[in-house]
Amino acid sequence: MEAVHDLDAGIEFEIFTGVPQWFFEESLSAEFVYRPFLSDIGLAQETPFKTDVRETLRRLDAFYPPDPEKVESLARLLKTGKSRLVMCDIAPLGIAVAGKAGIPCVLVENFTWDWIYEDYVEVNGAFSRYRDYLKDLFSSADYRIQTEPVCRPCAADLTTAPVCRKPRVAALQVRKKLQLGKEANVVMVATGGIPWEVTFLSRLAMCSEVFFVVPGMGEKMEMSENIVLLPHHSGLYHPDLVNASDAVVGKAGYSTVAEVYRAGVPFGYAGREDFRESSVLASFIEENMKGVPISDAELQAGTWISKVPDLLSMGRTRCDGQNGADQIAEFVHTLIQ
């Protein structure tokens, strides 16, 4: 959305999502209307590392097929607001609503939920009906954009580089706000947006030659000798924090991988054994980035700290080429001109 706005500042956005409004206020300079709305189920998480299969199926049973009255009312809302295009970040309900409203729809994905649920069919056969239903729904989108790392390549209208938000503030300015010097060794611990109990802070404190920045912790910024804890809504932009770091350690989710790739910093990354996308992301990191794999157990226990010297020795790389966000923006702009 920000990249589209960079091309045409007159375009406005109406966002239907369960993501908090502050995230978009922090990320966008474009005008937008925020509508809190459950548009997708995905997977219910017990922790950032473990899926709750039973709860996922309960939520899917309650959500699909979509309530026809809900689809109809949303379609009327889009037509009343004279929306010209619907973009779906793997939220299948948007495709159904766009079809009902007669508005073109763009699906943006590096995976779709039918592909994810396919991996769970052996665990519980009930996933097969959602796999089949969503496969048909995703295939009905008018345009399909796939973003690297792509999990299941298909005949897409566009395939792009990794998509991420762009840094806004120079690394030295960010470090100054964090009271960190230009020459300091800085490692950011990326929690991936899902709360989890960090139990290794005492280990970080013992690694006194390195400064650790940990977003998503507590209600306010807290600083000790070599640890900076930041709340989710800290006023410091996440891509700026990544760009100001010498290395990042954390769970390898799409947005974190894309931001670290773009910044060119080494990545100590942990995947999820129960999530099919993880192996694709790991392969991309191995082939295109500097990094060190760590296990879930190492990440949670903090024993990954022994690998920090190796990470810091790798240094930063230069990432050339277009951000996938700009590639998508150019494509989308041609559809609404």
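Looking at this structure, is residue 294 farther than 18 Å from residue 244 by Cα and surrounded by 18 or more Cβ atoms within 10 Å (Cβ to Cβ)? Lay out the reasoning, then the answer.
Working: farther than 18 Å from residue 244 by Cα: yes; surrounded by 18 or more Cβ atoms within 10 Å (Cβ to Cβ): yes.
When the stated conditions are applied, residue 294 passes them.
Conditions first: (1) in a helix (DSSP H, G or I); (2) out of contact with any strand residue (DSSP E or B) (no Cβ under 7 Å at 6 or more places or on another chain); (3) touching a residue at least 60 places away in the same chain (Cβ under 8 Å); (4) outside the structural domain of residue 142 (by TED's automatic domain parsing). Residue 233 passes all but one, so which condition is the exception?
For residue 233, the failing item is (1).
May I ask you to verify whether residue 209 is acidic (Asp, Glu) and in contact with a strand residue (DSSP E or B) (Cβ under 6 Å, 6 or more places away or on another chain)? Spell out the reasoning first.
On the way: acidic (Asp, Glu): yes; in contact with a strand residue (DSSP E or B) (Cβ under 6 Å, 6 or more places away or on another chain): no.
Here the answer is no, as residue 209 does not meet what is asked.
Can you tell me which residue among 329, 282, 258 is under 21 Å from the mean Cα position of the chain (by Cα) and assigned by TED's automatic domain parsing to the domain that holds residue 103? Even if it seems obvious, please write down each step before you answer.
Details: 282 fails: assigned by TED's automatic domain parsing to the domain that holds residue 103; 258 fails: assigned by TED's automatic domain parsing to the domain that holds residue 103.
Residue meeting the stated conditions: 329.
When you scan the stretch 237-271, how many residues do you find that are surrounded by 20 or more Cβ atoms within 10 Å (Cβ to Cβ) and either assigned to a loop (DSSP other than H, G, I, E, B) or among the basic types (Lys, Arg) (or both)?
Count: 10.
Out of the residues in the stretch 146-162 that are closer than 14 Å to residue 90 by Cα and β-branched (Val, Ile, Thr), which is farthest from the chain's Cα centre (by Cα)?
150
Give the stretch 14-31 a look and list any residue that's more than 18 Å from the chain's Cα centre (by Cα) and modelled with pLDDT of 95 or more, or say none. Steps first, answer last, please.
Step one: filter the stretch 14-31 for residues more than 18 Å from the chain's Cα centre (by Cα), giving 14, 29-31.
The answer is 14, and nothing else.
Quick one: would you say residue 155 is surrounded by fewer than 16 Cβ atoms within 10 Å (Cβ to Cβ), out of contact with any Pro (no Cβ under 8 Å at 6 or more places or on another chain) and not assigned by TED's automatic domain parsing to the domain that holds residue 261? Spell out how you get there, then give the answer.
On the way: surrounded by fewer than 16 Cβ atoms within 10 Å (Cβ to Cβ): yes; out of contact with any Pro (no Cβ under 8 Å at 6 or more places or on another chain): yes; not assigned by TED's automatic domain parsing to the domain that holds residue 261: yes.
Criteria met by residue 155.
Could you check how many residues of the stretch 52-84 are within 30 Å of residue 294 (Cβ to Cβ) and in contact with a Phe, Trp or Tyr (Cβ under 7 Å, 6 or more places away or on another chain)? Give the steps one after another, and end with the answer.
Quick first cut of the stretch 52-84, residues within 30 Å of residue 294 (Cβ to Cβ) only: 52-56.
Add one more test, that the residue is in contact with a Phe, Trp or Tyr (Cβ under 7 Å, 6 or more places away or on another chain), and what stays is 53.
Residues in the stretch 52-84 being within 30 Å of residue 294 (Cβ to Cβ) and in contact with a Phe, Trp or Tyr (Cβ under 7 Å, 6 or more places away or on another chain): 1 in total.
Given the residues 171, 190, 205, which is the only one that is among the small types (Gly, Ala, Ser), in contact with a His (Cβ under 9 Å, 6 or more places away or on another chain) and closer than 27 Å to residue 307 by Cβ? Spell out how you get there, then give the answer.
Details: 171 fails: in contact with a His (Cβ under 9 Å, 6 or more places away or on another chain); 205 fails: in contact with a His (Cβ under 9 Å, 6 or more places away or on another chain).
After ruling out the rest, the residue left standing is 190.
Working only within the stretch 93-133, note down all residues that are outside any helix (DSSP H, G or I), closer than 19 Å to residue 39 by Cα and more than 19 Å from the chain's Cα centre (by Cα). Write out each step before concluding.
Of the residues in the stretch 93-133, the ones outside any helix (DSSP H, G or I) are 102-112, 119-126.
From the residues that got through so far, the ones that are closer than 19 Å to residue 39 by Cα too are 102-112.
Scanning the stretch 93-133 gives 102, 103, 104, 105.
Quick one: count up the residues across the stretch 318-334 that are outside any loop (DSSP other than H, G, I, E, B) and surrounded by 14 or more Cβ atoms within 10 Å (Cβ to Cβ).
Our first condition is that a residue be outside any loop (DSSP other than H, G, I, E, B); within the stretch 318-334, this holds for 324-334.
So of that shortlist, the ones also surrounded by 14 or more Cβ atoms within 10 Å (Cβ to Cβ) come out as 324-333.
Summing the residues that are outside any loop (DSSP other than H, G, I, E, B) and surrounded by 14 or more Cβ atoms within 10 Å (Cβ to Cβ) in the stretch 318-334 gives 10.
The values are calculated or read from the model by the stated rules, or taken from the named source; none is laboratory data. Because the structure is a prediction, the values reported are computed rather than measured. A quick note on method: Cβ atoms are made from the backbone with ideal geometry, for glycine too, and the neighbour counts reach across all protein chains shown.
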